[in-house]
Amino acid sequence: MLMDVLTIGDGMITMDPKARGPMRFVNEFQRKVGGAELNFAIGASRLGLKTGWISRLGNDEFGRVIHNFMRGEGVDMSQVEYVEGIPTSVYFKEIMEDGSGRSFYYRNPTPMSVLTPEDIKEEHIKNFKLIHLTGVFLALNPTKHLEIVERIIYYAKKHDVKISMDPNIRLRLWSKDKAREVLTSLLPHVNVLLTGEEEGEILLGTTSVEEMIEQFRGYGIDHVVIKKGADGASVTTAEGTLEMAAFTPRKVVDTVGAGDGFDAGYITGYLKDWSVERSLRFANKVGSMVVSVVGDNEGLPYYEDVLAELGERETIER
Ligand SMILES: Nc1ncnc2c1ncn2[C@@H]1O[C@H](COP(=O)(O)OP(=O)(O)O)[C@@H](O)[C@H]1O
Ligand SMILES: O=C(O)C(=O)C[C@H](O)[C@H](O)COP(=O)(O)O
């Protein structure tokens, strides 16, 4: 069966604080699941894409929680295995009154560290239309994970599978210099780049967004998407640049996961051959829906919900 999108990355147990404010004062947490690529996979699957995930989980209770959760989301788990001796990754979230916050990771080593390039199978990669990569997986072990990603890209290019990338730079995981070195080496292979302005500055050393876009386009990237949080996003293609304001969310309660959701939304449009305008509107809507729900992926909408929010489908409440 031809699949749509594949992503690779660490799945984590997420501990969501039950109260807002500095984490040192929070005594109760709710156990959820998270991780940039895991969120993307859930988002893509809910938007109707046939989605696969390459990952490794600890052979423990938390690993089972993530496995069952992802199965429930309809993500292909054929390339997810349990690992002995390394616990499933965990992270704790801090959420401040305005919905912003910090992350505290317990993921070194992660079960992903047993993965090798030999685990990547050409027969598997060629089944997909697009591979979505993010900097989080690369940050966990830059040298080794770069080899794995290069293997994926080699097979992808051989079979005309497209590549999308979100730098998702987490400075708690690696330095700016390392992130720049590793991620820019991949840019020539990227078809769709989904980045923030600050990440663009880290990668290219310029604060001018115009210059950034020009440089990214110079790498041969077809769609350069710049995400700007509450200010929306822009997309630059051969046809030019389209800017779009964000939608006003019902309420901003937790901004984590908006970028991952936006990515899933934009890739949905890209794979459906929608116009840039439609893809961007759809992705902006997905992002705005994620920030109005607490949790990294709980707010990720289903395809029909996005259409309803865009006013393209009638909603019946009762
Ligand atoms: N406060 C907000 N209001 C409305 N939309 C938002 C808000 N924050 C994020 N979004 C939407 O989600 C997208 C991604 O958010 P952003 O914070 O830029 O990504 P990242 O999480 O990757 O840093 C934005 O481009 C926008 O469409
Ligand atoms: O995997 C990691 O290391 C993470 O940081 C997990 C985060 O839940 C997402 O990456 C959220 O990312 P945004 O969508 O950019 O808010």
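The values are calculated or read from the model by the stated rules, or taken from the named source; none is laboratory data. Keep in mind that what you see is a predicted model, and the values were worked out from it rather than measured. Counting neighbours? That spans all protein chains shown, and the Cβs are built from the backbone with ideal geometry, glycine included. Accessible surface is based on the protein model in full, side chains and every heavy atom, while ligands, DNA and RNA are left aside. Shrake-Rupley method; radii C 1.70, N 1.55, O 1.52, S 1.80 Å.
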So, Glu277, is that one within 18 Å of Thr51 (Cβ to Cβ) and either open to solvent by 20 Å² or more (accessible area, probe 1.4 Å) or within 16 Å of ligand 2 (Cβ to nearest atom) (or both) or not? no
Residue satisfying condition, being within 16 Å of ligand 2 (Cβ to nearest atom) and of a type in the set (Lys, Arg), within set Lys227, Lys272, Lys251: Lys227
On the basis of being of a type outside the set (Lys, Arg), touching a residue at least 60 places away in the same chain (Cβ under 8 Å) and in contact with a helix residue (DSSP H, G or I) (Cβ under 9 Å, 6 or more places away or on another chain), does Val306 make the cut? yes
Close pairs from the stretch 57-78: first on the phi < 0 side of the Ramachandran plot and assigned to a loop (DSSP other than H, G, I, E, B), partner among the hydroxyl-bearing types (Ser, Thr, Tyr) and open to solvent by 50 Å² or more (accessible area, probe 1.4 Å), Cβ under 9 Å, at least 6 apart: Asn59/Tyr82; Asp60/Tyr82
Answer with yes or no whether Phe282 is more than 16 Å from ligand 2 (Cβ to nearest atom), surrounded by 21 or more Cβ atoms within 10 Å (Cβ to Cβ), part of a helix (DSSP H, G or I) and in contact (Cβ under 8 Å) with a residue 24 or more places away in the chain. yes
Tell me which of these Gly99 doesn't satisfy, since it passes every other one: (1) at pLDDT 95 or above; (2) on the phi > 0 side of the Ramachandran plot. (1)
Assuming Pro111 fulfils every condition listed in (1) modelled with pLDDT of 95 or more; (2) open to solvent by 30 Å² or more (accessible area, probe 1.4 Å) apart from one, which condition is it? (2)
Name the residues in the stretch 124-177 that are surrounded by fewer than 21 Cβ atoms within 10 Å (Cβ to Cβ), polar (S, T, N, Q) and under 25 Å from Gly196 (Cα atoms), would you? Asn141, Thr143, Ser175
If Met77 satisfies all but one of (1) in contact with a His (Cβ under 7 Å, 6 or more places away or on another chain); (2) over 30 Å from Ala308 (Cβ atoms), what's the number of the condition it fails? (2)
